[in-house]
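Report on the following structure.
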């Protein structure tokens with residue numbers, strides 16, 4: 001019995017030489033790879049092809065029954081594995097296949113989300129470049145644009161609900177100051193500061209707390225005319241939650257995959273229609289969703 005738990009479907013135990021006409025591991029022939037090489041762009045991609053029509057880049061893995069199934073519990077943890085076992089109706093082999101599928105679709109989602117995150121932060125940076133103060137809006141303008149704003153918030157402490165006044169811009173200011181420090185302090189450039197800020201920072205710039213200070217005077221310019229802040233905020237908020245789940249390796253088998261793909265493509269379309277077409281043509285999320293164990 002082999003000590004490996006996963007091997008590619010259809011693989012044999014013995015070695016063999018590969019030929020020039022074989023498919024590569026991602027399902028492309030050497031000719032396909034040569035044709036796809038060259039400058040990035042959409043010239044060789046059918047941008048109108050729905051992602052659902054694309055095939056996964058690799059065959060679903062064949063799960064080999066392990067001799068000692070307890071190693072899976074030690075690897076994944078019994079608590080985490082129990083969620084997959086419940087979904088697989090107690091079948092350990094199917095649970096492991098489901099875990100492997102989850103890592104694949106999470107990675108695919110993470111790739112698409114990264115494209116949209118980069119586009120969002122650059123669009124916001126471009127839109128906010130027109131702020132009326134001197135210098136860069138983040139490096140020089142953050143004490144003004146993110147000046148203290150006090151709000152009353154309810155908190156539960158020791159089983160009791162209390163109200164207290166908090167500065168809702170304290171965290172954004174701290175994040176910007178940390179980004180400036182990490183980007184080189186007094187030598188920090190705008191591009192490095194933008195790159196240092198996390199998705200969590202950019203996600204909340206469309207919240208109601210920043211409507212008058214950021215959205216109305218500046219950030220609405222990142223989107224087509226008459227784009228509603230609430231529509232952007234709700235979609236970006238769901239994508240942020242999804243990004244956190246994929247980053248923390250959480251199960252996605254209960255996720256509304258089609259709904260999150262719609263959110264992702266809609267935000268991309270609002271930012272850059274060409275980006276939406278590129279993600280739609282190259283994403284493997286829906287194809288992987290179609291082959292869930």
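Consider residue 98 against the criteria (1) farther than 20 Å from residue 212 by Cβ; (2) out of contact with any helix residue (DSSP H, G or I) (no Cβ under 8 Å at 6 or more places or on another chain): it satisfies all of them except one. Which criterion is unmet?
Of the numbered conditions (1) farther than 20 Å from residue 212 by Cβ; (2) out of contact with any helix residue (DSSP H, G or I) (no Cβ under 8 Å at 6 or more places or on another chain), the odd one out for residue 98 is (2).
Going residue by residue through segment 271-286, is there one that turns out to be surrounded by fewer than 20 Cβ atoms within 10 Å (Cβ to Cβ), within 24 Å of residue 83 (Cβ to Cβ) and out of contact with any strand residue (DSSP E or B) (no Cβ under 6 Å at 6 or more places or on another chain)?
Within segment 271-286, one or more residues are surrounded by fewer than 20 Cβ atoms within 10 Å (Cβ to Cβ), within 24 Å of residue 83 (Cβ to Cβ) and out of contact with any strand residue (DSSP E or B) (no Cβ under 6 Å at 6 or more places or on another chain).
Please find, among 287, 258, the residue that is assigned to a helix (DSSP H, G or I), within 26 Å of residue 76 (Cβ to Cβ), in contact (Cβ under 8 Å) with a residue 12 or more places away in the chain and touching a helix residue (DSSP H, G or I) at 6+ places or on another chain (Cβ under 9 Å).
287
How many of the residues in segment 195-214 are in contact (Cβ under 8 Å) with a residue 60 or more places away in the chain, surrounded by 19 or more Cβ atoms within 10 Å (Cβ to Cβ) and within 20 Å of residue 133 (Cβ to Cβ)?
Total meeting the criteria: 3.
For segment 123-135, what are the residues that are surrounded by 12 or more Cβ atoms within 10 Å (Cβ to Cβ), part of a loop (DSSP other than H, G, I, E, B) and touching a residue at least 24 places away in the same chain (Cβ under 8 Å)?
131, the sole residue that qualifies.
What is the number of the single condition among (1) under 14 Å from the mean Cα position of the chain (by Cα); (2) in contact (Cβ under 8 Å) with a residue 24 or more places away in the chain that residue 248 does not meet?
(2)
Output the number of the condition that residue 247 fails; it satisfies all remaining conditions of (1) surrounded by 15 or more Cβ atoms within 10 Å (Cβ to Cβ); (2) over 20 Å from residue 275 (Cβ atoms).
For residue 247, the failing item is (1).
Regarding segment 149-158, can at least one residue be identified that is farther than 30 Å from residue 280 by Cα, touching a strand residue (DSSP E or B) at 6+ places or on another chain (Cβ under 9 Å) and touching a residue at least 60 places away in the same chain (Cβ under 8 Å)?
Yes, there is a match, as at least one residue in segment 149-158 is farther than 30 Å from residue 280 by Cα, touching a strand residue (DSSP E or B) at 6+ places or on another chain (Cβ under 9 Å) and touching a residue at least 60 places away in the same chain (Cβ under 8 Å).
None of the figures in this text is laboratory data; all of them are computed from the coordinates on show. Just so it is clear, the structure is predicted and the values come from calculations on it, not from any experiment. Every residue, glycine among them, receives a Cβ derived from its backbone with ideal geometry; neighbour counts consider all protein chains shown.
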